[in-house]
Amino acid sequence: MLEMDPAVERLKTGFEKFKTEVYDQKPDLFEPLKAHQSPKYMVFACADSRVCPSVTLGLEPGEAFTVRNIAAMVPCYCKNKHTGVGSAIEYAVCALKVEFIVVIGHSRCGGIKALLNLKDGADDTFHFVEDWVRIGYPARKKVKDECSEMPFEEQCGVLEKEAVNVSLQNLSTYPFVKEAVAN
Amino acid sequence: PSIHPSHLFPFPFRRPPFDSMDAAVERLKTGFEKFKTEVYDKKPDFFEPLKAGQAPKYMVFACADSRVCPSVTLGLEPGEAFTIRNIANMVPSYCKNKYAGVGSAIEYAVCALKVEVIVVIGHSRCGGIKALLSLKDGADDSFHFVEDWVRIGFPAKKKVQTECASMPFDDQCTVLEKEAVNVSLQNLLTYPFVKEGVSNGTLKLVGGHYDF
């Protein structure tokens, strides 16, 4: 039975621990959150299991509206291809009125490594992964141009940061972001 | 400046804005320092192996809502769960053109990381689900993106409107939060690598709902 599956049990145990050790201990934090959220931050972080921003940035429940995807990427505004990210930014900025959008990359990022490994002209090996990480292509180009002497791993380190810069640039292609930044 | 507990302010609550960009950044730096000294430095045996690689057993889809981080609500530790968060924790059907974000994450989790369980967890008071239930057939979208995204859950909305027609709106939302998870679980099977894993018994799909 699925209910007795150890993988499911572990989730139930984890929830119980949260309930008794965190939720029940902090009614002043959790009670108001029942009615609504008013986070000051929107955070983009990688889906990597090691880099949850609630953990790494010590963010409490209610503080940050958080999107996680491969390599913490923000693509340019596109109603056809990128409704997932677009809807999240739109909701955060227009409905929740967050004040601060954070894009945080990380070391040893598999998505960034895949971006650096792309071979121009070669067929994609994945259904989706190369297509997604190509969002960071301008950063890859910059790193290949400016850091050609560096070892691959060091280039990855630079690319992790340059890709964040590309995402920050891409944020301003969303008119509601551009407007709020200007204001 | 500090983070003000919301219960000190009258409803409808608007927390005071950051005094400055610096204050907003300071808060993140402080949060990171706290993590470093109180968590990271205290558990070298835990964090050292994670430097080399990750081998999570779980992939988790959770909502972007600030109140429902699954690391918190499910007590998941670093290294345990490859986690995607989007509005209303939606998994759309396989589509190379429209949904590379979700597709790439599922593909990486299943094919590269070889996760064993995919969890889709919804939650109470979900704004995205409320938006889905509020969609008016035939009306223009009021957002650039939001309606289009939550429409992924349209089969669930239809089911709820048919089967729960006499329920109050809030109760319908609660049912829809769960039915939308079911739609996402179904949609997972449109990814061939997921379907294969489920058939082989190497991958399990689990749905959940966090009621706060």
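The values are calculated or read from the model by the stated rules, or taken from the named source; none is laboratory data. Just so it is clear, the structure is predicted and the values come from calculations on it, not from any experiment. We place every Cβ from the backbone using ideal geometry, glycine too, and count neighbours over all the protein chains shown.
Brief remarks on what is shown
- Tally, over region B:88-97, of residues that are surrounded by fewer than 20 Cβ atoms within 10 Å (Cβ to Cβ) and either farther than 15 Å from A:PHE128 by Cα or at the interface with chain A (Cβ under 7 Å from one of its Cβ atoms) (or both): 2
- Criterion violated by B:GLY79 - all others in (1) crowded, with 24+ Cβ neighbours inside 10 Å; (2) in contact with a Lys or Arg (Cβ under 6 Å, 6 or more places away or on another chain); (3) small (Gly, Ala, Ser); (4) facing chain A (nearest Cβ under 8 Å) satisfied: (1)
- Residue ID - nearest to A:ALA64 (Cα to Cα), chosen from residues in region A:8-22 that are surrounded by 17 or more Cβ atoms within 10 Å (Cβ to Cβ) and at pLDDT 95 or above: A:PHE18
- Residue match in region A:113-125 (condition: within 20 Å of the chain's Cα centre (by Cα), over 19 Å from B:SER104 (Cα atoms), buried (at least 17 other Cβ atoms within 10 Å of the Cβ) and not hydroxyl-bearing (Ser, Thr, Tyr)): no
- For A:THR173, the conditions (1) assigned to a loop (DSSP other than H, G, I, E, B); (2) of a type in the set (Val, Ile, Thr); (3) over 17 Å from A:MET42 (Cβ atoms) all hold with the exception of (3).
- Of residues in region B:167-185 being within 24 Å of A:ARG10 (Cβ to Cβ) and among the polar types (S, T, N, Q), the one surrounded by the fewest Cβ atoms within 10 Å (Cβ to Cβ): B:ASN182
- Residues that are β-branched (Val, Ile, Thr), touching a residue at least 60 places away in the same chain (Cβ under 8 Å) and within 7 Å of chain A (Cβ to nearest Cβ), drawn from region B:98-118: B:VAL117
- Qualifying residue in region B:149-170 (condition: at the interface with chain A (Cβ under 8 Å from one of its Cβ atoms) and in contact (Cβ under 8 Å) with a residue 24 or more places away in the chain): yes
- Failed criterion for B:LYS195 (all others in (1) part of a helix (DSSP H, G or I); (2) in contact with a helix residue (DSSP H, G or I) (Cβ under 6 Å, 6 or more places away or on another chain) hold): (2)
- Only one of the listed residues (B:LEU132, B:LEU205, B:LEU176) is outside any loop (DSSP other than H, G, I, E, B), in contact with a Gly (Cβ under 6 Å, 6 or more places away or on another chain) and aliphatic (A, V, I, L, M). That residue is B:LEU132.
- Tally of residues being over 26 Å from the mean Cα position of the chain (by Cα) and not charged (D, E, K, R) across region A:9-30: 4
- Residue among A:GLY157, A:GLY136 that is over 20 Å from A:ASP120 (Cα atoms) and either surrounded by fewer than 13 Cβ atoms within 10 Å (Cβ to Cβ) or within 14 Å of chain B (Cβ to nearest Cβ) (or both): A:GLY157
- Which listed residue, of B:LEU188, B:LEU205, is buried (at least 21 other Cβ atoms within 10 Å of the Cβ) and either on the phi < 0 side of the Ramachandran plot or not β-branched (Val, Ile, Thr) (or both): B:LEU188
- In region B:47-67, the qualifying residues are those that are under 13 Å from A:ARG68 (Cα atoms) and more than 7 Å from chain A (Cβ to nearest Cβ), and the one that is farthest from the chain's Cα centre (by Cα) is B:MET59.
- All strands (runs of 3 or more DSSP E) inside region B:47-129 with 3 or more residues being within 27 Å of A:LYS34 (Cβ to Cβ) and not aliphatic (A, V, I, L, M): B:58-63, B:81-86
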